[in-house]
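First up is the structure itself, then whatever we jot down about it.
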Amino acid sequence: MKKNNNLVNFVNFPKQHVPLLKRSAVAVLKSEKVKKYQVNFIMVDDKEIRKLNAKYRKVRRITDVISFLVVPEFCVGDIYISKTRSQKQAKEYANTWQQELAYLAIHGMLHLCGYTDYDAVNKTKMFAKQDKIFKCLFYRPGFLQLK
C-alpha cells in the first residue's frame with residue numbers, strides 16, 4: 001500500500017459531519033503512529049447493526065459501534081455506527097449528535113488499532129485514551145470551533 005492510498009471514507013453520514021469525523025479518525029491514527037490506513041465508516045440502522053453483532057460477535061443486541069479489522073498490518077477495516085443508537089446516546093450524554101459520532105468514531109478507530117474493552121483493565125485503558133483524544137478535539141483552544 002502506498003502512502004497516497006491512505007483513505008478515510010464515510011457512507012450514509014450527514015455531509016456536514018464528515019470533516020469532524022475525519023479529523024477524529026486521523027487524530028487516533030496520529031496518536032497511534034499509524035502511517036498506512038484505509039478505513040470505511042458506514043452508518044446503519046439498529047436492525048443492521050444488531051445483525052452484524054449477532055453474525056460476527058454472537059451477541060444478540062444492538063450496539064452503538066462495531067469495528068472489523070481486515071488487514072492488520074495496514075489498519076484496513078470497516079467501522080459501523082448505529083444512527084438511532086448514536087442519536088439516543090447524544091441526548092443521554094448531553095452531547096450534540098456530531099460530538100457523539102466523533103466519540104464513536106474514535107472508539108471504533110481504537111478498536112482497529114488493537115484496543116479492546118472486553119475486560120475491566122483494557123476497558124479502562126481504552127476509554128482513557130478515547131476520552132483524551134475526544135477532549136483534545138473539543139477543548140483545545142483554536143483547534144475546533146463548534147457553532
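Name the helices (runs of 4 or more DSSP H) wholly within the stretch 1-111 that hold at least 2 residues that are among the β-branched types (V, I, T)?
18-31
Write out, first by first residue and then by second, each pair whose Cβ atoms fall under 8 Å of each other, whose residues are 6+ apart or on separate chains, and whose first residue, in the stretch 88-108, is free of Cβ contacts under 8 Å to residues at least 40 places away in the same chain while the second is among the charged types (D, E, K, R).
Going by the 8 Å Cβ cut-off, the qualifying pairs are Q89/D64; Q89/E100; A90/E100; Y93/E100.
Go through the residues of the stretch 116-123 one by one and say whether even a single one is modelled with pLDDT under 95, in a loop (DSSP other than H, G, I, E, B), surrounded by fewer than 18 Cβ atoms within 10 Å (Cβ to Cβ) and acidic (D, E).
Yes, because at least one residue in the stretch 116-123 is modelled with pLDDT under 95, in a loop (DSSP other than H, G, I, E, B), surrounded by fewer than 18 Cβ atoms within 10 Å (Cβ to Cβ) and acidic (D, E).
Kindly indicate whether V39 is more than 23 Å from A90 (Cβ to Cβ) and within 16 Å of the chain's Cα centre (by Cα).
no
Being farther than 20 Å from F138 by Cβ and within 14 Å of the chain's Cα centre (by Cα) is true for just one of L69, L29, L7. Which residue is that?
Of L69, L29, L7, the one residue that is farther than 20 Å from F138 by Cβ and within 14 Å of the chain's Cα centre (by Cα) is L69.
Only residues that are in contact with a helix residue (DSSP H, G or I) (Cβ under 6 Å, 6 or more places away or on another chain) and modelled with pLDDT of 95 or more: list them for the stretch 1-16, please.
V8, F10
Scan the stretch 52-63 for residues that are touching a helix residue (DSSP H, G or I) at 6+ places or on another chain (Cβ under 8 Å) and under 15 Å from Y118 (Cα atoms) and jot them down.
Correct list: V59, T63.
The values are calculated or read from the model by the stated rules, or taken from the named source; none is laboratory data. Just so it is clear, the structure is predicted and the values come from calculations on it, not from any experiment. Reconstructed Cβ throughout: ideal geometry from the backbone, glycine too, with neighbour counts over all protein chains shown.
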